[in-house]
Amino acid sequence: VSIMHIAKVLTKLNGSPIAQKLDALNFQQKLVLCAYVSLAGITAASSAPATGTKRQATAGGIAVSGLYTEYGTICTRLNMLAPVTRSEFLDLISMMETQGVVVVEASKSGRRGGRRIVSTTGAADDRTMRLAVDEAEVRRSLTKTAALTPIL
């Protein structure tokens, strides 16, 4: 019996560490991931070449400002709770980045050495977010939450 055998058994019993991490996210964070998955599907369908994959279409990430808009739309569609403020939304993303679920980067569309544009609401509109984990794992985790099933 090797360490690999033990690791396989533990993974089968407890699920993967990524799945555990995703399942532990709060409902608001899962809504953010729903918004990401929704926009990633739209981006992939509209901009990917016929031979491209969804991963290639979303490799650069999704603009945080667009993600916030989609998040608000999902909250309205669910009619369960009001969306959080933009600053709380950025905190949600920051927490997920700390947990290793997402990566937030400065947008590559600006010029080098350019200044970060921050609106009067404190929104950093020059940042993008992408998943740091496999999208299939995210979808699997989100479908475990019954309230999110109609959105996916």
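Keeping all protein chains in position, work out how much accessible area Met95 exposes to a 1.4 Å probe, and write it in Å² to the nearest 10.
Here the accessible area works out near 90 Å².
Between Arg140 and Glu97, how many nm apart are label points set 7 Å from Cα along the C-beta direction?
2.7
Using amide H atoms built 1.01 Å from N in the peptide plane, name the residues 5+ places from Gly60, or on other chains, whose amide H lies under 5 Å from its own.
The answer is none.
Between Thr76 and His5, what length in nm is gained on full extension when 0.36 nm per residue of separation is reduced by their alpha carbon distance?
Working it through step by step, the gained length comes to 20.9 nm.
By how many nm would the segment from Asn26 to Thr85 lengthen if fully extended, with 0.36 nm per residue of separation less the alpha-carbon distance?
That pair, Asn26 and Thr85, stretches by 19.6 nm at full extension.
The values are calculated or read from the model by the stated rules, or taken from the named source; none is laboratory data. Not measured: the values here are computed from a predicted model. Every residue, glycine as well, gets a Cβ built from its backbone with ideal geometry; the counts of neighbours run over all protein chains shown. Side chains are part of the model used for accessible areas, which takes the heavy atoms of the whole protein and leaves out ligands, DNA and RNA. Shrake-Rupley method; radii C 1.70, N 1.55, O 1.52, S 1.80 Å.
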